[in-house]
Amino acid sequence: MTTVLPLWPQRAPGALGDQPQDRPTLTYFAPTAPATGATIIVFPGGGYGMLAPHEGEGYARWLAGQGLHAWVLQYRLGTHGYRHPSMLHDAARAVRTVRHLARSTGRDPARIGVMGSSAGGHLVATILTHFDAGQPGAADPIDRESSRPDLGILCYPVISLHEPHAHLGSRENLLGPKPDPALIDALSADLQVKRGTPPAFIWHTVADNAVPVENALIFASALRRAGVPFALSLYENGVHGLGLGTAEQPAPPWTTDLVFWLQGRGFAAIQ
């Protein structure tokens with residue numbers, strides 16, 4: 001049976017109502033191969049306007065097949081009236097929640113990663129660059145946990161909210177039609193990387209005509225300047241939103257490259 005957890009036991013902070021779209025959740029997928037003790041939280045893509053199942057449950061089932069504990073975050077969306085920082089609050093709470101659960105279930109609280117595609121990749125980049133250490137004196141034990149992921153996996157991510165490389169639909173759903181220039185800077189992850197930013201795996205295709213490959217390149221360059229470990233896999237062909245691929249549109253071998261990287265970081269078992 002699938003486990004679905006609400007992120008907050010009562011109404012989420014800033015909730016606009018009490019409908020399913022107002023109640024962010026985490027859905028658990030148990031490992032289907034020998035468990036490594038590591039966990040990945042998946043943020044589905046969808047331009048901050050919807051949540052793409054193949055970049056959510058699809059990824060989680062694949063991760064479970066690698067021996068990883070996987071969770072899919074249903075975060076709040078611009079199409080339901082939400083704007084930043086609701087999405088970041090949901091991502092941070094997800095990391096805190098999974099880390100807190102890891103302590104009581106025999107999983108490793110120091111091996112909590114996040115993964116996302118497109119706008120989900122932007123949310124990954126946002127939590128990688130806007131985490132905090134938690135509140136030691138908080139009444140809620142989850143709030144005492146750090147929201148810093150131990151690594152990030154970014155699949156054809158939105159990184160810059162500045163033109164010409166921004167995905168304008170994602171930006172509008174996140175920040176509204178006339179965003180504050182200061183917010184555009186704050187949420188362009190390439191401008192926010194620092195030495196403490198967690199390691200990252202990034203992949204993109206040069207042929208992507210929805211989110212330009214420059215997004216991956218500028219994020220990798222920022223990580224390099226800050227001395228943050230990263231891997232960057234670029235492929236010539238492939239449309240935006242490929243995910244794991246289909247028979248009609250196979251994906252490049254990014255999953256093979258990712259497993260190799262995860263093995264090197266102690267998240268996946270070496271075969």
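The values are calculated or read from the model by the stated rules, or taken from the named source; none is laboratory data. This structure is a prediction, so every number in the text was calculated from the model and none was measured. So basically every Cβ, Gly included, is an ideal-geometry build from the backbone, and we count neighbours across all protein chains shown.
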Legend entry - Matching residues, the stretch 255-271, being in contact (Cβ under 8 Å) with a residue 24 or more places away in the chain and part of a helix (DSSP H, G or I): Thr255, Asp257, Leu258, Val259, Trp261, Leu262
Inset, instruction - Look through the stretch 234-254, keep the residues that are surrounded by 18 or more Cβ atoms within 10 Å (Cβ to Cβ) and outside any loop (DSSP other than H, G, I, E, B), and return whichever of them is nearest to the chain's Cα centre (by Cα). - result: Trp254
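If you check Leu168, Leu154, which single one turns out to be among the aliphatic types (A, V, I, L, M) and touching a residue at least 40 places away in the same chain (Cβ under 8 Å)? I'd like the intermediate steps shown before the answer.
On the way: Leu168 fails: touching a residue at least 40 places away in the same chain (Cβ under 8 Å).
The unique qualifying residue is Leu154.
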Inset, instruction - Name, by its number, the condition in (1) out of contact with any His (no Cβ under 6 Å at 6 or more places or on another chain); (2) among the aliphatic types (A, V, I, L, M); (3) surrounded by 24 or more Cβ atoms within 10 Å (Cβ to Cβ) that does not hold for Ala166. - result: (3)
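Give the residues of the stretch 172-193 that are in a loop (DSSP other than H, G, I, E, B) and buried (at least 19 other Cβ atoms within 10 Å of the Cβ), sorted by residue number. Spell out the reasoning first.
Here is the first cut: in the stretch 172-193, the ones in a loop (DSSP other than H, G, I, E, B) are 176-180, 187-188, 192-193.
Of everything in the stretch 172-193, those that are in a loop (DSSP other than H, G, I, E, B) and buried (at least 19 other Cβ atoms within 10 Å of the Cβ) turn out to be Leu187, Ser188, Val193.
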Inset, instruction - Please indicate, with yes or no, whether at least one residue in the stretch 122-138 is assigned to a helix (DSSP H, G or I), touching a strand residue (DSSP E or B) at 6+ places or on another chain (Cβ under 9 Å), of a type outside the set (A, V, I, L, M) and touching a residue at least 60 places away in the same chain (Cβ under 8 Å). - result: yes
Inset, instruction - List the strands (runs of 3 or more DSSP E) that sit entirely inside the stretch 17-93 and contain at least 3 residues that are β-branched (Val, Ile, Thr). - result: 39-43
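Taking the conditions exactly as written (out of contact with any helix residue (DSSP H, G or I) (no Cβ under 8 Å at 6 or more places or on another chain), more than 19 Å from Ser147 (Cβ to Cβ) and surrounded by fewer than 20 Cβ atoms within 10 Å (Cβ to Cβ)), does Gly49 satisfy them or not? So that I can check it myself, show each step before the final result.
Values: out of contact with any helix residue (DSSP H, G or I) (no Cβ under 8 Å at 6 or more places or on another chain): no; more than 19 Å from Ser147 (Cβ to Cβ): yes; surrounded by fewer than 20 Cβ atoms within 10 Å (Cβ to Cβ): yes.
No.
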Inset, instruction - Being of a type in the set (Gly, Ala, Ser) and surrounded by 22 or more Cβ atoms within 10 Å (Cβ to Cβ) is the filter here, so list the residues in the stretch 103-146 that pass it. - result: Gly113, Gly116, Ser117, Ser118, Ala119, Gly120, Gly121, Ala125
Inset, instruction - Would you check which residues across the stretch 146-169 are more than 19 Å from Val42 (Cβ to Cβ) and either in contact with a strand residue (DSSP E or B) (Cβ under 7 Å, 6 or more places away or on another chain) or in a loop (DSSP other than H, G, I, E, B) (or both) and list them? - result: Ser146, Ser160, Leu161, His162, Glu163, Pro164, His165, Ala166, His167
Legend entry - Any hit, the stretch 18-38, residues being among the β-branched types (Val, Ile, Thr), surrounded by 19 or more Cβ atoms within 10 Å (Cβ to Cβ) and within 18 Å of Val259 (Cα to Cα): yes
Legend entry - Residue within the stretch 204-211 that is under 20 Å from Arg76 (Cβ atoms), surrounded by fewer than 22 Cβ atoms within 10 Å (Cβ to Cβ), of a type in the set (Asp, Glu) and in contact (Cβ under 8 Å) with a residue 40 or more places away in the chain present: no
Legend entry - Residue among Ala231, Ala216 that is part of a helix (DSSP H, G or I) and modelled with pLDDT of 95 or more: Ala216
Legend entry - Test: residue in the stretch 37-49 that is over 19 Å from Gly121 (Cβ atoms) and at pLDDT 95 or above: yes
Inset, instruction - Determine, yes or no, whether Ala30 is hydrophobic (A, V, I, L, M, F, W, C) and under 21 Å from Pro199 (Cα atoms). - result: no
